Amino acid sequence: MMGTIHHDSVEVYTSDSEKGFVINHPATPMEMSDAEANKELDAGAKFVLKSKGSWVHCGYHLTTSIVGPVILTLPYSFTLLGWVGGVLWLTLAALTTFYSYNLLSVVLEHHAQLGHRQLRFRDMARDILGPGWAKYYVGPLQFLLCFGTVIGGPLVGGKSLKFIYQLYNPEGSMKLYQFIIICGVVTLILAQLPSFHSLRHLNMISLILSMTYATCVTVGSIYIGHSKHAIPKHYSVKGSNVDQLFGVFNGISIIATAYACGIVPEIQATVATPVKGKMLKGLCLCYSVIAATFFSVAISGYWAFGNEAGATILNNFFDAQTNPLLPKWFFLMTNILILVQVMPMTAVYLQPTNEIFESTFGDPKFGQFSIRNVVPRVVLRSLSVAAATLFATMLPFFPDIMALFGAFGFIPLDFILPMIFFNLTFKPSKKSIMFWGNTLIAVASTILVVIGGIAAIRQIVLDANTYHLFADV
């Protein structure tokens, strides 16, 4: 198996992140050259997951996949957890996901140094857990999560666009589904970008935009909190004992999903060889942005509005009569930033879907831009975006469903499987802190999946009477 090597070996570290434990490698590990690797790649890996990027590009991709409009829900999660619970879990989730993503990177680096570079999450599952896990669990799960996020992109963008429209035309007749379709058309155009690597400049812009609107929201919360419009601040957790209990798990799930990525192997696949140490640098860039955005939005929003913080903090920027508490230009700027930023984020989560289409219907023997490959690429990518846009227009309550997906999908991919992959690949001693630390995280996360799933289903049941197709919310 992958932990057993029959050559004469020396003890080396595969990356700076592995200092503190020893890994045995062949005395002269060799990475395959790009030319040799390309001969064996299918069309999806060869065309969509081109390995041309630097660690900076990797940082852009990671940041875009994690930092998005979901940060506007973080103050609400604090209303369910309180000050101590909110800050503690926001910090623990940051440390755990950084550690988890780095473990995935270490496992990927290890296989790359052995001459077998894994480019997809399902490749890791196939090689480490077996082909059945890749085919029937990890592959379908990742596909559903990514496609679900693609559905959410035009929906969030459509809501921002509708808000801008109503800001200047409050009596306008356009409905939410029309704005979702507009965002879907933009997504369809972005879907035609040929590879993950071709998103690097868009994702750099996305990084800047996310930091900008996080700053806007933070400043807005502090301004309102100090203004004459400031509401009395109460930080107690509301509701009955049962509501508080389910609320705690909802809050934990919201924060866990906010840190979710689900496509770390595909992002690392875009890095040019040698891959050693590059993902760790990209993670450091990404988590620098996370530290600057997540904590500022969560803490300032909860401080300003206490347990009245809404499901999205922008709701609190209006009084009870829906009069804005900040200048109109502030809402215009913030929503434009969110609208533009969510488009690259949606394009990032299209990549695993694009890769599957390319692997299935593309032919690596022909050129990437040959008619043989371009026609199925354009048709299938367009159909997938059209389907996602249709679902978004039909199901504007989709975020409730995504909370369920997050519990059963993102947590296993981001919190559980990395621990299992590492322990099975490197086989740390059962007496070591690393083995039991990884096991503890995996077990605790499994419990969180079950309870978080129950809480998400309960929320869907509670909100079910408000659901109807093509709702104009």
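Taking the criterion of being among the acidic types (D, E), in contact (Cβ under 8 Å) with a residue 24 or more places away in the chain and surrounded by 19 or more Cβ atoms within 10 Å (Cβ to Cβ), would at least one residue in region 409-416 satisfy it?
Applying the first criterion (among the acidic types (D, E)) to region 409-416 yields 414.
The next check asks that each one be in contact (Cβ under 8 Å) with a residue 24 or more places away in the chain; those that pass are 414.
After this cut, where a residue has to be surrounded by 19 or more Cβ atoms within 10 Å (Cβ to Cβ) as well, the list is 414.
Yes - at least one qualifying residue is present in region 409-416.
A single entry from A309, A272, A304, A258 fulfils the requirement of being in contact (Cβ under 8 Å) with a residue 12 or more places away in the chain, surrounded by fewer than 23 Cβ atoms within 10 Å (Cβ to Cβ) and of a type in the set (G, A, S): A272. Look at T91 and say whether it is open to solvent by less than 30 Å² (accessible area, probe 1.4 Å), among the hydroxyl-bearing types (S, T, Y) and in a helix (DSSP H, G or I). Here the answer is no, as T91 does not meet what is asked.
Identify the residue in region 455-466 that is of a type outside the set (D, E) and exposed (fewer than 13 other Cβ atoms within 10 Å of the Cβ) and, among all such residues, is modelled with the highest pLDDT.
Just the residues of region 455-466 that are of a type outside the set (D, E), to begin with: 455-462, 464-466.
Applying the additional criterion that residues be exposed (fewer than 13 other Cβ atoms within 10 Å of the Cβ) yields 461-462, 464-466.
Working: V461: 77, L462: 74, A464: 67, N465: 70, T466: 68.
This residue is V461.
Inclusion of S210 among residues that are of a type in the set (G, A, S) and farther than 24 Å from I411 by Cα is not warranted. Residues in region 275-299 that are open to solvent by 10 Å² or more (accessible area, probe 1.4 Å), touching a residue at least 40 places away in the same chain (Cβ under 8 Å) and on the phi < 0 side of the Ramachandran plot: K276, K278, L280, K281, C284, L285, Y287, A291, A292, F295, S296, I299. Identify all residues within region 71-127 that are closer than 18 Å to I263 by Cα and among the aromatic types (F, W, Y); write none if there are none. F98, Y99, Y101, F121, listed by residue number.
Looking at A388, A403, which one is at pLDDT below 90 and either within 19 Å of the chain's Cα centre (by Cα) or farther than 26 Å from D127 by Cβ (or both)?
On the way: A388 fails: at pLDDT below 90.
The match here is A403.
Restricting attention to region 44-86, the residues that are under 20 Å from the mean Cα position of the chain (by Cα) and at positive phi add up to 0.
When residues in region 312-344 are screened for being β-branched (V, I, T) and open to solvent by less than 10 Å² (accessible area, probe 1.4 Å), 4 of them pass.
Annotation note: of L176, L155, L167, L161, the sole residue that is of a type in the set (A, V, I, L, M, F, W, C) and within 18 Å of the chain's Cα centre (by Cα) is L155. Among the residues of region 305-323, those that are modelled with pLDDT of 90 or more and polar (S, T, N, Q) comprise N307, N316. The residues listed here are S173, S227, S236; of these, the one that is open to solvent by less than 60 Å² (accessible area, probe 1.4 Å), modelled with pLDDT under 95 and small (G, A, S) is S227.
Could you tell me whether any residue of region 366-385 is modelled with pLDDT of 80 or more, more than 21 Å from the chain's Cα centre (by Cα), buried (at least 17 other Cβ atoms within 10 Å of the Cβ) and not in a helix (DSSP H, G or I)? Yes, because at least one residue in region 366-385 is modelled with pLDDT of 80 or more, more than 21 Å from the chain's Cα centre (by Cα), buried (at least 17 other Cβ atoms within 10 Å of the Cβ) and not in a helix (DSSP H, G or I).
Could we say that V70 is β-branched (V, I, T), touching a residue at least 24 places away in the same chain (Cβ under 8 Å) and either in a loop (DSSP other than H, G, I, E, B) or open to solvent by 10 Å² or more (accessible area, probe 1.4 Å) (or both) here? Taking the combined requirement at face value, the residue satisfies it.
Across region 426-454, which residue is least open to solvent (accessible area, probe 1.4 Å) among those that are among the small types (G, A, S) and without any contact (Cβ under 8 Å) to a residue 12 or more places away in the chain?
If we filter region 426-454 for residues that are among the small types (G, A, S), which is where we start, we get 429, 432, 437, 442, 444-445, 452-453.
Add one more test, that the residue is without any contact (Cβ under 8 Å) to a residue 12 or more places away in the chain, and what stays is 429, 437, 444.
On the way: S429: 66, G437: 27, A444: 54 Å².
In this case the residue turns out to be G437.
Looking at the structure I just gave you, is A347 surrounded by fewer than 20 Cβ atoms within 10 Å (Cβ to Cβ) and closer than 20 Å to L161 by Cβ? Write out each step before concluding.
Numbers: surrounded by fewer than 20 Cβ atoms within 10 Å (Cβ to Cβ): no; closer than 20 Å to L161 by Cβ: yes.
Criteria not met by A347.
The values are calculated or read from the model by the stated rules, or taken from the named source; none is laboratory data. Here the structure is a predicted model, which is why all the values come from computation and not from measurement. A quick note on method: Cβ atoms are made from the backbone with ideal geometry, for glycine too, and the neighbour counts reach across all protein chains shown. These accessible areas exclude ligands, DNA and RNA; they are computed on the full protein's heavy atoms, side chains included. Shrake-Rupley method; radii C 1.70, N 1.55, O 1.52, S 1.80 Å.
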